[in-house]
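Undergrad: Below you will find the structure I want to go over with you.
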Amino acid sequence: MTDVAFIGLGAMGIAMARNIVEGGHTVVGFDTSEAAMEQHVANGGVSAPSATEAVRGAKIIITMLPIGAVVQTVLLGPPGAVENIDAGAIVIDMSTIHPSETDDIRDGLKAHDVRMIDAPVGRTSVQAETGTLLIMAGGDSADIEEVRPVLECMGDLIIDCGGPGMGSRMKITNNLMTTVLNVLTAEVLTLGEATGLDRDLAIEVMSGTAAGLGHMSTTYPAKVLKDDLTPAFMIDLARKDLGIAIEMAEKTGVPLALAENADTVYADAQSAGRGAEDWTAIYAMMREKQIS
Ligand code: NAD
């Protein structure tokens, strides 16, 4: 009986499938790219002529495809690979897709008695190569435990995200941070250089402050996450610094895509009477508006 079927052998999938092969499993792969199929076979995998054939007899079916519509079509069709998936098998979708697509695909598979785990990955193809991905698993905990040995071939940190669909939601939330932070990082370094700073020195400095370390592991734990908004650093002072940076950017002609939006949020906090609170109160304010 086939151990694992792997559909989608692209930048990520090809290395993930290879690591499962190296973990001692039989991996029947399918990709629409012939070059990917040749590489998979060279890596010790088995090739199938279609996704529908790849899944025959597999206990675990992994999809690593570009977008949700492709995952949906491949698995559910019609006709979809699900027609050939054994009842009781587990599909692990590791693609990054919209959580509502994850929910729809899970429901479609459930109608065939096929279980599903959404398990998108953090990090990049560099860690896919070395089997050191961070895997955000959503599903029944017992199902996650059942497939853990295969997940461990691909990742060195597997986190049960708290239920079906939560891996997908975690991944999109994570990527909101990383994609926006990428733009902010570019803005900050560009402004720094425009004002004459040495870029390497700027990176060295910011790697030791909340700028580079991130608020979640520096400022938030002692303050807003403990509901303590007494100021370690006041919102009024934070906005003063942001204003200076915006003015310097204007003078040096560096366009700031994010800073001015952030300034309006600090202004809102001041208008709401939070100027003397800790700057992490920005989160408290946002949460109060959106969640309660
Ligand atoms: P990719 O485009 O390199 O690979 C996708 C593969 O799917 C390709 O080889 C393509 O030929 C194949 N494919 C497309 N349609 C198919 C079909 N109908 N049947 C079979 N194969 C089909 O993409 P990637 O970088 O490997 O990313 C895959 C997923 O992982 C995406 O959702 C991406 O957002 C996510 N992701 C990527 C990274 C990264 O660093 N590249 C990191 C984390 C998550």
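Undergrad: Kindly provide the pair-distance distribution of segment 1-150 built from C-alpha pairs, with 10 Å bins from 0 and whole-percent values in order of increasing distance.
TA: 12, 47, 36, 4
Undergrad: Given the C-alpha atoms of segment 155-292, compute the convex hull and give its volume per residue in Å³.
TA: Details: hull volume 20.1 nm³, N = 138.
Convex hull of Cα atoms, per residue: 145 Å³.
Undergrad: Also, quick follow-up: Where does the charge balance sit around ALA281 when Lys and Arg score +1, Asp and Glu -1, over other residues with C-beta under 13 Å from its C-beta?
TA: Charge balance in the 13 Å sphere: -1.
Undergrad: For ASN19, what charge total do you get from the other residues with a beta carbon under 15 Å from its beta carbon, if Lys and Arg give +1 and Asp and Glu give -1?
TA: -2
Undergrad: What accessible area per residue, rounded to a whole number of Å², is obtained for segment 64-112 using a probe radius of 1.4 Å?
TA: On the way: 2080 Å² over 49 residues.
With all protein chains present, segment 64-112 gives 43 Å² per residue.
Undergrad: The chain: D in µm²/s via Stokes-Einstein (Kirkwood Rh, Cα pairs, 20 °C, 1.002 mPa s)?
TA: Details: Rh = 21.6 Å.
The diffusion coefficient I find is 99 µm²/s.
Undergrad: For the Cα atoms of the chain, what angle does the longest principal axis make with the long axis of helix 235-252, in degrees from 0 to 90, nearest 10?
TA: Taking Cα atoms only, the helix is inclined about 90 degrees.
Undergrad: Now, a different point. For the chain, take the longest principal axis of its alpha carbons; what is the angle in degrees between that and the long axis of helix 281-290, to the nearest 10 within 0 to 90?
TA: Rounded to the nearest ten degrees, it is 60.
Undergrad: Additional query: For segment 88-167, what are Rg and Dmax over the alpha carbons, in angstrom?
TA: In Å, with Rg to one decimal and Dmax whole: 12.1, 37.
Undergrad: Can you pull the percent of segment 69-168's accessible area that's carbon plus sulfur, 1.4 Å probe, other chains left in place?
TA: Ligands and nucleic acids excluded, carbon and sulfur give 53 percent.
Undergrad: Also, quick follow-up: Relative contact order, percent, of the chain when contacts are C-alpha pairs under 8 Å separated by at least 6 residues?
TA: For the chain, the relative contact order is 12 percent.
Undergrad: Taking Cα centroids, how far is segment 213-292 from segment 87-151 in Å?
TA: Cα centres, segment 213-292 to segment 87-151: 36 Å.
Undergrad: For segment 228-283, what does the equivalent ellipsoid look like in terms of its semi-axes, each the square root of 5 times an eigenvalue of the Cα gyration tensor, given largest first in whole Å?
TA: Semi-axes from the Cα gyration tensor: 23, 10, 8 Å.
Undergrad: Given the alpha-carbon gyration tensor of segment 25-113, what are the semi-axes of its equivalent ellipsoid in whole angstrom, ordered largest first, with each equal to the square root of 5 times an eigenvalue?
TA: The three semi-axes for segment 25-113 are 21, 15, 11 Å.
Undergrad: Could you compute how fast segment 166-214 diffuses translationally, taking Rh as the Kirkwood radius over C-alpha pairs and applying Stokes-Einstein at 37 °C with viscosity 0.692 mPa s? Give it in µm² per second. Could the numbers behind the result be given before it?
TA: Values: Rh = 12.0 Å.
The diffusion coefficient I find is 273 µm²/s.
Undergrad: Setting aside same-chain residues fewer than 8 positions from LYS251, which lysines have a Cα under 21 Å from its Cα?
TA: Of all the lysines, those that pass the test against LYS251 - Cα under 21 Å, at least 8 places apart if same chain - are LYS240.
Undergrad: Same structure, new question: Two decimals, Cα atoms only, Kirkwood Rh: what is Rg/Rh over segment 91-230? Before the final figure, lay out each step's value.
TA: Working: Rg = 19.0 Å, Rh = 17.4 Å.
Over the Cα atoms of segment 91-230, Rg/Rh equals 1.09.
Undergrad: May I ask for the angle, rounded to the nearest 10°, between helix 13-22 and the longest principal axis of the chain, with both axes built from Cα atoms and the value confined to 0 to 90°?
TA: Rounded to the nearest ten degrees, it is 60.
Undergrad: Rank GLN127, VAL41, THR179 by how far each Cα sits towards the positive end of the charge dipole of the chain (+1 on Lys, Arg Cβ; -1 on Asp, Glu Cβ) and give me just the farthest.
TA: Checking the options against the dipole of the chain, the answer is THR179.
Undergrad: Let me ask something else about it. Using a simple charge model, +1 on the beta-carbon of Lys and Arg, -1 on the beta-carbon of Asp and Glu, nothing else, what dipole does the chain show about its Cα centre, in debye to the nearest 20?
TA: 220
Undergrad: Quick one: net charge around THR102, please, counting Lys, Arg +1 and Asp, Glu -1 for every other residue with C-beta under 9 Å from its C-beta.
TA: With Lys, Arg at +1 and Asp, Glu at -1, the net is -3.
The values are calculated or read from the model by the stated rules, or taken from the named source; none is laboratory data. It should be emphasised that the depicted structure is a prediction, and the values quoted were computed from it without experimental measurement. Counting neighbours? That spans all protein chains shown, and the Cβs are built from the backbone with ideal geometry, glycine included. Note: areas computed on protein heavy atoms with side chains; ligands, DNA, RNA excluded. Shrake-Rupley method; radii C 1.70, N 1.55, O 1.52, S 1.80 Å.
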